[in-house]
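First comes the structure, then the notes that go with it.
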Amino acid sequence: MSENVARPRVAKGPKRPRYLRDAELDRFMMMFTALIGEVSALRDRLATHEALAAQGQIATAEAIESYRPSPDDESARGIAREAMLHRVFRVLMEELEQARTAGNDADLDAVLAEDDARSASPVTA
Amino acid sequence: MAQTRHAVLPEQTHDEAAREEYCGTLRKFFTETLWPGTREVYAGLERPRFEREHGRPPMNVREVKQAIEHSFYYRASNLVGRCAQELLWDTVGESIERQLPALRAKAKPRSEARGSVRINPDLAIPRYVDSVDIHVMPGNFHTERGEDDVYAGALYDRGVYHFAYGGMGPENDKLGVAMAGWLKSRFPDFQPKRILDMGCGPGFSTLPWKQAYPDAEVHGIDIGAPTIRYAHARAESLGVPVHFSQQDAVQTDFADGSFDLVTSCLLTHEMPVHLIRRMFAETYRLLGAGGMSLIDGGAPPADGPEEEFFTTWFNRNANEPFSAGLRNLDLAEAFATAGFPADAFFTSGARDAVYLKGMGGTKQAGGKSAGYVGTVKR
Ligand SMILES: C[S@@+](CC[C@H](N)C(=O)[O-])C[C@H]1O[C@@H](n2cnc3c(N)ncnc32)[C@H](O)[C@@H]1O
């Protein structure tokens, strides 16, 4: 056999059991926000590596612990953290955008209907 | 801007500091972006929907809640706010726990202290304190985690700093400084010799009184022993002599008429109304003739059910079950009932909130605080 058969990714058998109840999603958000915190801390650590490297230093655990970000560095990190939250929670912002533009947007259905009507009628010179 | 260093301020490793900063950013994101957005979603989408369905606007808080809860944005934002609240204490708590033995040792009273500290191991902890951890801060202000414990004080010092993402200032004292400054300018001739700060916590609201009236003897009391021990060590290290003792504001061991000013900051919104009344009576007993009582007035009364709803997030989501009672309490009446002359009641009127907490308290939400409220004993 020359070609690999694609590996199966769904097991046959009973349907996957249902595990979570609705309220349990709340607890997932708890884990999720904590996990973003770990990513954020890791990103800060990386920033410290970069800052040390820029000073020609090697990022040993000790050098990292004694590094103190400058006020500029501090505020850059704060801005990056906020930007990250805006990206992670982007989907939340959908309704907010709708609320802000409620009634202002042209209705797509109306635009399509108009387009249909126009293309149906013969082009006039 | 970092917190002012003092002997018992917890230290952070690189990653602890990073995690704490993240909690502050999450709090800021919730306070300044997500929560104000819920008002927009309500006004732009959910109130109109409710009106289409019912032929009238929501008429009470329950209906406002019902209308806005239709929104995923609202439900998820609310949850993020709660997550931030829980994560904050846990993140700060993990760092403090690691260094607790060292903090306890540093907090031990020293003979050269200029202030003092008194702990009362027999003090009965009121049921309302033991039944709910205010702000969802596990252990509240009073739980002892061993001998000479200071955990709760340290937790609140670091936690509040990040909670307000630095907005309370490097010494977490913006509220206290503003309150003392206001009293001084409103009553320039008033020169209190003995001042009592009730529910003083780690002393954020207490030290500013000593700084405003350097000749006065300043006392701070709190129900929590770990909080009081921490407050003492912190004040000594910052060089501000204050006398701290573990006491219940409802019934203290000070003599009748022993103070010229009895004050509190962010205390009454944590107390059931019947105990606020008893605390006012105790205040009356503690003041001499001409003595003054001054408290922060909490959140201003809400203008309609929608305002009520959008300014009571903490009541519903951060274990502040008693704050609604304070909001509905007529403070002028309560002071009068405690014995103060009705015509001595004064208030600063609504003020821009120093603290972002009210959320409705926030500038972003266009909110105000109720300002200061007080009275004088004749
Ligand atoms: C939110 S803290 C405010 C601390 C401080 N006044 C400030 O402005 O930062 C409220 C404090 O009141 C204390 N407290 C609550 N009930 C009390 C009571 N009955 N007697 C004394 N202190 C009390 C709590 O232990 C807590 O430390």
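Some observations on this one:
- Helical runs (DSSP H, four residues minimum) scored at -39500 (n - 2.57) apiece and divided by the length of chain A put the mean residue ellipticity at 222 nm at -20500 deg cm²/dmol.
- Backbone N atoms of the stretch B:231-251 closer than 15 Å to the 7 Å Cα→Cβ label point of residue B:144 belong to residues B:246-247.
- The reciprocal of the average 1/r between distinct C-alpha atoms defines the Kirkwood hydrodynamic radius, which for chain B equals 21.5 Å.
- At R0 = 41 Å, FRET efficiency that the Cβ-Cβ distance of residue B:133 and residue A:7 yields, to 0.05: 0.20
- Average 1/r across all pairs of distinct alpha carbons in the stretch B:139-209, invert it, and you get the Kirkwood radius: 13.8 Å.
- Taking Lys and Arg as +1 and Asp and Glu as -1, the other residues whose beta-carbon sits under 15 Å from that of residue B:67 total -2.
- For chain B, calculated [θ]222 nm from helices alone, where every DSSP H run of n ≥ 4 adds -39500 (n - 2.57): -12500 deg cm²/dmol
- Acute angle (nearest 10 degrees) that the helix B:273-286 long axis makes with the longest principal axis of chain B, alpha-carbon atoms: 30 degrees
- Mean-square fluctuations from a GNM of chain A, with a 10 angstrom spring cutoff on Cα atoms, peak among A:51, A:83, A:11 at A:11.
- Extreme residue, positive dipole direction of the stretch A:23-119, given options A:28, A:91, A:103 (C-beta unit charges): A:28
- Among B:224, B:166, B:304: highest mean-square fluctuation, GNM of chain B, C-alpha pairs under 10 Å: B:304
- From least to most packed, judged by other beta carbons within 10 angstrom and beginning with the fewest, B:108, B:174 follow the order B:108, B:174.
- Exposure proxy for B:61, B:129: other Cβ atoms within 10 Å of each Cβ, ordered fewest to most, give B:61, B:129.
- Degrees separating the helix B:151-163 axis from the principal Cα axis of chain B, which is the longest one: 40 degrees
- Spread of Cα-to-Cα distances over 10 Å intervals beginning at zero, given as percent, for the stretch A:33-125: 13, 25, 18, 13, 12, 10, 7, 2
- Lys, Arg +1 and Asp, Glu -1 on Cβ, resulting dipole of the stretch B:202-330 about Cα centre, debye, nearest 20: 280 debye
- Each principal axis of the protein assembly as shown carries a Cα extent, and these read 96, 65, 53 Å when sorted largest first.
- Rg followed by Dmax, in Å, when the stretch B:104-225 is reduced to its Cα trace: 15.7, 46
- Calculated FRET value between residue A:26 and residue A:116, using beta carbons and R₀ = 56 Å, to 0.05: 0.75
- For chain A, built as a Gaussian network whose Cα springs stay under 10 Å, the top-fluctuating residue of A:22, A:73, A:109: A:109
- Acute angle (nearest 10 degrees) that the helix B:225-238 long axis makes with the longest principal axis of chain B, alpha-carbon atoms: 70 degrees
- Residue order for A:66, B:111, B:245, B:237, fewest other beta carbons within 10 angstrom first, comes to B:111, A:66, B:237, B:245.
The numbers here are math on the coordinates, done by the rules we state, and not lab data. This one's a predicted model, so the numbers in the text were calculated from it and none came from an experiment. Cβ atoms come from the backbone with ideal geometry, glycine included; neighbour counts cover every protein chain shown.
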